[in-house]
Number of protein chains: 2
Amino acid sequence: MIRFFARSAPVLAIALWLLAAGASAAASAPAPPRAEGVLDLMPVPASVTVREGRFRVDERLTIVRPDEAGPKDAPKDRAFRAAARFMTRLAGRTGLFLEQDFLASQKAAVGDGIRYTFARPGRLLPNEDESYTLTVEPAGIVLGAGTDIGVLRGFETLLQLLSADEKGYYFPCVLITDKPRFTWRGLLIDVGRHFHPVDVIKRNLDAMAAVKMNVLHLHLTEDQGFRVESRVFPRLHELGSDGMFFTQPQIRDIIEYAGDRGIRVMPEFDIPGHSTSWFVAYPEYASAPGPYAIERKFGVFGPAFDPSNERIYPFFDAFFKEMAGLFPDPYLHIGGDEVEGHQWDANPAIQAFKTKHGLADNNALQAYFNSRLLKILTKHGKKMVGWDEIFQPGLPKDIVIQSWRGPQSLVDAARQGFQGILSNGYYIDLCQPAETHYLNDPVPAGSPLDEGQKALVLGGEATMWAELVTPETIDSRIWPRTAAIAERFWSPASVRNVEDMYRRLGPMSLALEELGLLHIKNVDMILRRLAGRPGVKPLKVLAEAVEPLENYQRHGQARYTSLSPFTRFVDACAPESPAARRFGILVDRFLAGKDLVAGHELRTVLVRWKDNHAPVLALLAASPALREVEPLSRNLARACEAGLEALGCLEKGESRPAAWAEERACLLVEAAKPAAHAELVVVKAIGRLVEACAGGPK
Amino acid sequence: MIRFFARSAPVLAIALWLLAAGASAAASAPAPPRAEGVLDLMPVPASVTVREGRFRVDERLTIVRPDEAGPKDAPKDRAFRAAARFMTRLAGRTGLFLEQDFLASQKAAVGDGIRYTFARPGRLLPNEDESYTLTVEPAGIVLGAGTDIGVLRGFETLLQLLSADEKGYYFPCVLITDKPRFTWRGLLIDVGRHFHPVDVIKRNLDAMAAVKMNVLHLHLTEDQGFRVESRVFPRLHELGSDGMFFTQPQIRDIIEYAGDRGIRVMPEFDIPGHSTSWFVAYPEYASAPGPYAIERKFGVFGPAFDPSNERIYPFFDAFFKEMAGLFPDPYLHIGGDEVEGHQWDANPAIQAFKTKHGLADNNALQAYFNSRLLKILTKHGKKMVGWDEIFQPGLPKDIVIQSWRGPQSLVDAARQGFQGILSNGYYIDLCQPAETHYLNDPVPAGSPLDEGQKALVLGGEATMWAELVTPETIDSRIWPRTAAIAERFWSPASVRNVEDMYRRLGPMSLALEELGLLHIKNVDMILRRLAGRPGVKPLKVLAEAVEPLENYQRHGQARYTSLSPFTRFVDACAPESPAARRFGILVDRFLAGKDLVAGHELRTVLVRWKDNHAPVLALLAASPALREVEPLSRNLARACEAGLEALGCLEKGESRPAAWAEERACLLVEAAKPAAHAELVVVKAIGRLVEACAGGPK
């Protein structure tokens, strides 16, 4: 297979890379079991039975609340408000002028309609009952749950059932019984490295609710910013935030908004490292003399609290007392990750302290720090959560370990009886495909844990680290991929069909727009600003074939800081291009069976991309900010030319000599190189086409 | 000219209508003085001198603050923060990684850069100095002003100067001296009829600042909602808002955000009418017995405060004391419009009160009410503002009359020494063309006022009444048309070239997007939701030819309430379609001189619209909510067929018999009828084409 590349090592490497890429894409693209009437539910419920019949949606639709409570009680009634939001979104999608005043009353004018019931108000705690049963019959819909939180989850499912036929809108008749697999289904938003104001948080809370997530983890402090108002120590936010922080009323607003959607808000104050912004106000608490300035660059930095400084503990006592009052969640996250220890090593007083207290190394010093913090948190009624590094023997069993380094730490913790949540594998800032996250399981099939230990794995969290995102782009880095992660956390472990996940991810992405998310619509906006004109079609066509560099590669392309513009072409590119993904599938389908239909579509796409270069050049001429994409566009055109040659050759059943293939492989290697902080992700699939028609006479 | 239509009266009416429309379009479309290098500034400054040379923008650009104040003083420094926002937007547009840490310091690394200076902090009051001088030279830029508010205005101008050539970005060398023509340049946002939360207000404040507006008028109470938290009378917002109101911290946040942009916030509490939502909590203050419920419908309603009820005055005293503390602006608007008086007439006690106090009619009763209110406002340090209806002899000279009924009331007021602001003619909710508002002048050329009286006209306000808008659509009803109004208020009276205004309005509209406005991007979102799929091109093509019904016609199409969906096709259509406007201009250009280029473009557009019907039908099949647009699409196709016939005939220098024209005129009349609450606005121009080739042998 790779014979024709064997002459030089680099070319061989390319060939292996092409092969590996091809194999991987083929493995990830089994033909999905696609049938008429398949539902688009996401996350997939625990049990769905589709029945005959349709419940018709028209203007007379009413929603019936469980009791006779009047509008005066409405402000306290979470399910009532969720029902009103449901009706608003339903009206929005259908354009129907619903007759019921669903804000003021939820009584049926006639017998038909939607009835919801629940046994008691749900509490915002882990292991709360979120189950529900949804019965759609032609004559009416009943949504029943143990708690009002279950009702909220059920309304999201019902809205996803909305369908249309020639007569109008309807809900298909179903019986759904549903409950989550994991009780901790979180999204971390890092407001430290880039601040994200209340409206960003609120629209993401709405999106979380739409996919049944239930924990918003606010990463509130970082080297780059201290993002919450402290009234006890106001210099913290005054000097550490550039004026970009949540006021306490805003925090309360966020918590209320989240609670109304059945979502907990867990704050994180990352200490003892990641703490430069604290030291702008309080350099005396650091392990090295100041002064300190808010960090602008990204990475792991030296500044850390000085555990040997006895004055920091009353400070944390007062600070966490204040924060414990502000955040009602029983859990409080103290970070604890990536303490480099350089400041500790360089400070003789700290070294003496370690010796005096028999602390063998910096890990032991951090454990000492944590044990002091634990007392403070316990005093203020909070359970401690921290990253892998905080795990140490002797901690109480109600703490939670959040794993960023790998699933093994969860296994280790569970074996010793500790609870854990998984974030390793859910780093959505790395711009990996949804599939990667989707197949990552907090308790994978081969887990060595017993059932009791498995139960200690509470769930997981997607983590939106914010080095490279702003309020303009953050939605596109979170959504729609996080919907796939939400499904991993909610749906049965057996729900793992990647193609079916992607089939449902498309409609889900569109549905998220009604909640105000900007993940789709800001693409055009960014491109319009770059081009300085309303028409940006060529850039959109180019973006089909381009994705931002994955993992941490982008940091190698420029010295990014928190002040850098995130308004370039790469920032308009989706982390995962559906068009590029489809292209890869088409190539495999075509190569697997010389599928003529696939070949025809491939040709159309290749021609579109190839012919796109000239219009792109016309746009670049007027926009210096766009000129960096010229190599991407040029290389795409060249790669597509090679792809078209190969396609023509394969369609005719011909092959090409090795030299031809080698030349094109070199061209493709060039085309695959990063440019404008992004990469042409369709080159690998084009390489498979080229490879397939190689091997003719030398 | 109209001979061939003479046979029947209806057809004659059409002909006259076609003629009138044609004449109007022709009058509004003089060929603009278009030259290379014309600046896109909006509003046009008082004086601009363009010079040779360019100031190059690169990563080394620095901005230099006027004094040596360190970062610790930054939170109090409005100009500093404006400079930082300027740098952020500049980086966003250019993609440049600026080297200066513009959040922390604004000192020049080298000599070159942008320097700003001002004499003193500006006060948020009418008649404050907002002037500035901007000098761009190849070696540096100097922005000088009397107040920091002037600096803010100058930064907006500078950003609008950003240009690009083959070498990169630059500012052209200019000398600009600028100041506003009117001191009161407002935008009213009605948060009563539909609530618009903080993020909507903030992004619109950013947009206002971009076009140098300086008053946000918040219409906080209406029949449909009481939208501000009262801690003195919490039942007002608790029962009167459906939970949709601004908390007091949110109000303070808005005021601070506005002040940071040199914008005053004036609250309006509309009394004694438009007050149903107050009476949900306090039915005893109404002029008829309750109970009352929040009004859902739109219109002018009966409920009004009872001026004869002595208990309302202590209530207002306590309420306005609270609100006077919350809102620092010296002006407080008491509404006063559209008191129907039905409740007053039906209440014997009120009739007796009128008799007792010698109040001849309901106007006199309202004047009595206002005089009591005036005492209360004065006591709490506020000057009274109200709609036309509050004007009465004997008021103090520091009140302000806001004219909604017509400019005559401003003339009347000024002649008696009273200040006024104009809103008549700036009702942006009516979906009229920007031109209409642009040519409406608070002090028109023929004003009968003397110079002293003219000075009493402080300016004007665009009014965004919110019957038919939601947070999703409100931006598209405000922008970009309000930029034309902002220019009317800021620029010299002589700046009246409509074509040049439209030329600059396009780039202005794009520039507003960087501030988070949704006026462009939500069009696609609404259409995607309706279609249930990502590709909506046919709907966008249709929308080119369609506008929402103007004025109050939409209310005649359906029983709109505050709960109705505003998510239909009409809600995605811009109040003024640039494509339709251009089409009308092309028709006139073609007809004026048989311009072949215009004819070619006309043909392209007509064919695109005609061929669009089949793709639209394909989308409608899957979307019941879209089916209402079928007549629009069908009629557009038919009208374009007629237009193409006429165009072909005219290009060949032929004419068509009267019967042919009459038949097409009837077709066009049909096509011009409202459908889906919208109308085909290109039909008139097509009618001019048809008319022009009519008149051949009978």
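Assorted remarks:
- Exactly one residue among A:Ala625, A:Ala572, A:Ala592, A:Ala558 is at pLDDT below 95 and in contact with a Ser or Thr (Cβ under 9 Å, 6 or more places away or on another chain), and that residue is A:Ala558.
- Remark: pairs (first residue in segment B:441-461, closer than 13 Å to B:Trp490 by Cβ and surrounded by 12 or more Cβ atoms within 10 Å (Cβ to Cβ); second residue of a type in the set (D, E, K, R) and modelled with pLDDT of 95 or more; Cβ separation under 6 Å; 6+ apart in sequence or on different chains) = B:Gly459/B:Arg185.
- For segment B:438-512, the helices (runs of 4 or more DSSP H) that sit wholly inside it and include 2 or more residues that are over 16 Å from the mean Cα position of the chain (by Cα) are B:451-454.
Listed here are the residues, each with its yes/no results for (1) closer than 28 Å to B:Asn497 by Cβ; (2) out of contact with any Lys or Arg (no Cβ under 8 Å at 6 or more places or on another chain); (3) of a type in the set (A, V, I, L, M).
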site	(1), (2), (3)
B:Leu395	no, yes, yes
B:Val400	no, no, yes
B:Ser423	yes, yes, no
B:Thr436	yes, yes, no
B:Asp441	yes, no, no
B:Lys454	yes, yes, no
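- Checking A:Gly192, A:Gly225 one by one, the residue that is farther than 24 Å from A:Leu458 by Cα, modelled with pLDDT of 95 or more and more than 11 Å from every other protein chain (Cβ to nearest Cβ) is A:Gly192 and no other.
- Verdict on B:Ser275 being crowded, with 22+ Cβ neighbours inside 10 Å, more than 14 Å from every other protein chain (Cβ to nearest Cβ) and over 17 Å from B:Asp190 (Cβ atoms): no
- B:Asp112 being at pLDDT 95 or above, acidic (Asp, Glu) and over 24 Å from the mean Cα position of the chain (by Cα): no
- Qualifying residue in segment A:536-548 (condition: open to solvent by 40 Å² or more (accessible area, probe 1.4 Å), part of a loop (DSSP other than H, G, I, E, B) and under 28 Å from A:Tyr502 (Cβ atoms)): no
- Condition broken by A:Phe233, with the remaining ones in (1) open to solvent by 10 Å² or more (accessible area, probe 1.4 Å); (2) within 14 Å of chain B (Cβ to nearest Cβ) satisfied: (2)
- Within segment B:159-167, the presence of at least one residue that is open to solvent by 20 Å² or more (accessible area, probe 1.4 Å), part of a helix (DSSP H, G or I), touching a Leu at 6+ places or on another chain (Cβ under 9 Å) and not basic (Lys, Arg) is confirmed.
- Hits in segment A:355-370 (condition: over 32 Å from the mean Cα position of the chain (by Cα), of a type outside the set (Phe, Trp, Tyr) and surrounded by fewer than 21 Cβ atoms within 10 Å (Cβ to Cβ)): A:Thr355, A:Lys356, A:His357, A:Gly358, A:Leu359, A:Ala360, A:Asp361, A:Asn362, A:Ala364
- Check on B:Ala74, assigned to a helix (DSSP H, G or I), at pLDDT 95 or above and buried (at least 20 other Cβ atoms within 10 Å of the Cβ): no
- Within segment A:661-683, the residues that satisfy the criterion of being outside any strand (DSSP E or B) and touching a strand residue (DSSP E or B) at 6+ places or on another chain (Cβ under 7 Å) are A:Ala661, A:Ala671, A:Ala672, A:His677, A:Val681.
- Any hit, segment B:635-658, residues being open to solvent by less than 20 Å² (accessible area, probe 1.4 Å) and within 14 Å of another protein chain (Cβ to nearest Cβ): no
- Once segment A:77-132 is narrowed to residues that are among the aromatic types (Phe, Trp, Tyr) and part of a strand (DSSP E or B), the residue that is nearest to A:Arg60 (Cα to Cα) is A:Tyr116.
- Residue that is under 30 Å from B:Ala484 (Cα atoms), within 14 Å of chain A (Cβ to nearest Cβ) and in a helix (DSSP H, G or I), where the choices are B:Ala574, B:Ala579: B:Ala579
- Residues of segment A:525-544 that turn out to be within 11 Å of another protein chain (Cβ to nearest Cβ), touching a residue at least 40 places away in the same chain (Cβ under 8 Å), touching a Lys or Arg at 6+ places or on another chain (Cβ under 8 Å) and farther than 16 Å from A:Ala625 by Cβ, as a count: 0
- The residue pairs whose first member lies in segment A:120-131 and is on the phi < 0 side of the Ramachandran plot, whose second member is open to solvent by 60 Å² or more (accessible area, probe 1.4 Å), and whose beta carbons are closer than 7 Å, counting only pairs six or more residues apart or on different chains, are A:Glu130/A:Lys179; A:Ser131/A:Lys179.
- Among the strands (runs of 3 or more DSSP E) confined to segment A:310-404, the ones with at least 3 residues that are at pLDDT 95 or above and of a type outside the set (Val, Ile, Thr) are located at A:331-333, A:383-387.
- Residue that is farthest from the other protein chains (Cβ to nearest Cβ), among those in segment A:553-568 that are open to solvent by less than 40 Å² (accessible area, probe 1.4 Å) and outside any loop (DSSP other than H, G, I, E, B): A:Arg554
- Any hit, segment A:135-150, residues being within 14 Å of chain B (Cβ to nearest Cβ), within 19 Å of A:Val211 (Cα to Cα) and assigned to a helix (DSSP H, G or I): no
- Among the residues of segment B:238-251, the ones that are more than 9 Å from every other protein chain (Cβ to nearest Cβ), open to solvent by 10 Å² or more (accessible area, probe 1.4 Å) and part of a helix (DSSP H, G or I) come to 0 in all.
- Restricting segment B:500-520 to residues that are within 20 Å of A:Thr470 (Cα to Cα) and open to solvent by less than 10 Å² (accessible area, probe 1.4 Å), the residue that is nearest to the other protein chains (Cβ to nearest Cβ): B:Glu513
- Condition broken by A:Met208, with the remaining ones in (1) assigned to a helix (DSSP H, G or I); (2) in contact with a Leu (Cβ under 8 Å, 6 or more places away or on another chain); (3) open to solvent by 10 Å² or more (accessible area, probe 1.4 Å); (4) more than 14 Å from every other protein chain (Cβ to nearest Cβ) satisfied: (3)
- Any chance A:Glu630 is within 14 Å of chain B (Cβ to nearest Cβ), at pLDDT 95 or above and surrounded by 15 or more Cβ atoms within 10 Å (Cβ to Cβ): yes
- Residue in segment B:122-134 that is surrounded by 18 or more Cβ atoms within 10 Å (Cβ to Cβ), touching a helix residue (DSSP H, G or I) at 6+ places or on another chain (Cβ under 9 Å) and within 14 Å of another protein chain (Cβ to nearest Cβ) present: no
- Flag if A:Lys321 is over 30 Å from A:Ala82 (Cα atoms), open to solvent by 10 Å² or more (accessible area, probe 1.4 Å), in contact (Cβ under 8 Å) with a residue 12 or more places away in the chain and out of contact with any strand residue (DSSP E or B) (no Cβ under 7 Å at 6 or more places or on another chain): yes
The values are calculated or read from the model by the stated rules, or taken from the named source; none is laboratory data. Small disclaimer: the values here were computed from a predicted structure and weren't measured. Positions of Cβ are backbone-derived with ideal geometry, glycine not excepted, and every protein chain shown enters the neighbour counts. The protein model used for the area step is the full one, side chains on, heavy atoms only, and it has no ligands, DNA or RNA in it. Shrake-Rupley method; radii C 1.70, N 1.55, O 1.52, S 1.80 Å.
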